[in-house]
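In what follows, a single structure is set out as structure tokens and then discussed.
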Amino acid sequence: MDPVPAVQINKKDVLHELILILQDMTSDWDLEFSGGIQPQTGLICDLTFQSIDMVQLLVAIEERFKHRNLPFEKLLMTDGRYVDELRVQEVVDFLCEHLNTHA
């Protein structure tokens with residue numbers, strides 16, 4: 001028998017799911033942000049994320065994609081320091097790389 005190929009995670013689907021998570025998280029926030037959540041939306045500068053919001057996002061991502069122990073430190077840190085900003089597309093790229101690796 002031939003091995004069953006791993007299911008590849010589609011960037012478009014990941015983006016859609018991430019935007020749904022972010023919309024749910026921010027639906028009752030008083031944001032002065034317009035135009036909807038897009039790939040270039042900044043979690044910190046546009047959506048005003050604080051550290052607790054980031055933690056809640058990571059938990060929601062693990063639940064939505066049913067993957068635990070993703071190496072989020074690779075997303076959140078550069079050269080031993082936390083990143084100053086994180087764009088939606090960066091999260092999508094990270095998820096596609098690591099969900100496909102662990103699929």
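Just so you know, all these numbers are worked out from the coordinates, no wet-lab data involved. This structure is a prediction, so every number in the text was calculated from the model and none was measured. Cβ: placed from backbone, ideal geometry, glycine included. Neighbour counts: every protein chain shown.
Things to note:
- Residue 41 long-range amide H proximity, modeled H, under 5 Å: 88, 89
- 3J(HN,Hα) along region 69-83: 6, 5, x, 4, 4, 5, 7, 8, 10, 9, 6, x, 10, 5, 5 Hz, from the Karplus curve 6.51 cos²θ - 1.76 cosθ + 1.60 with θ = phi - 60°, whole Hz, x for Gly and Pro.
- Helix 11-26 vs. the chain, principal-axis angle (Cα, 0 to 90°, nearest 10): 40
- Sequence-ordered 3J(HN,Hα) estimates for region 42-58 from the Karplus curve with 6.51, -1.76 and 1.60 and θ = phi - 60° stand at x, 5, 8, 6, 8, 9, 6, 5, 10, 4, 5, 5, 5, 4, 4, 4, 4 Hz, glycine and proline given as x.
- Helix-only mean residue ellipticity at 222 nm for the chain, each DSSP H run of n ≥ 4 adding -39500 (n - 2.57), per residue, nearest 500: -15000 deg cm²/dmol
- For peptides 87-97, 43-53, 73-83, 21-31, sequence by mean Cβ density within 10 Å, most packed first: 87-97, 43-53, 21-31, 73-83
- In this Cβ point-charge picture (+1 for Lys and Arg, -1 for Asp and Glu), the chain has a dipole of about 340 debye about its Cα centre.
- Degrees between helix 88-101 axis and first principal axis of the chain (Cα, 0 to 90, nearest 10): 20
- Cα pair distances in the chain, grouped into 5 Å bins until the bin that holds the longest one, percent each: 2, 11, 23, 25, 18, 11, 5, 2, 2, 1, 0, 0
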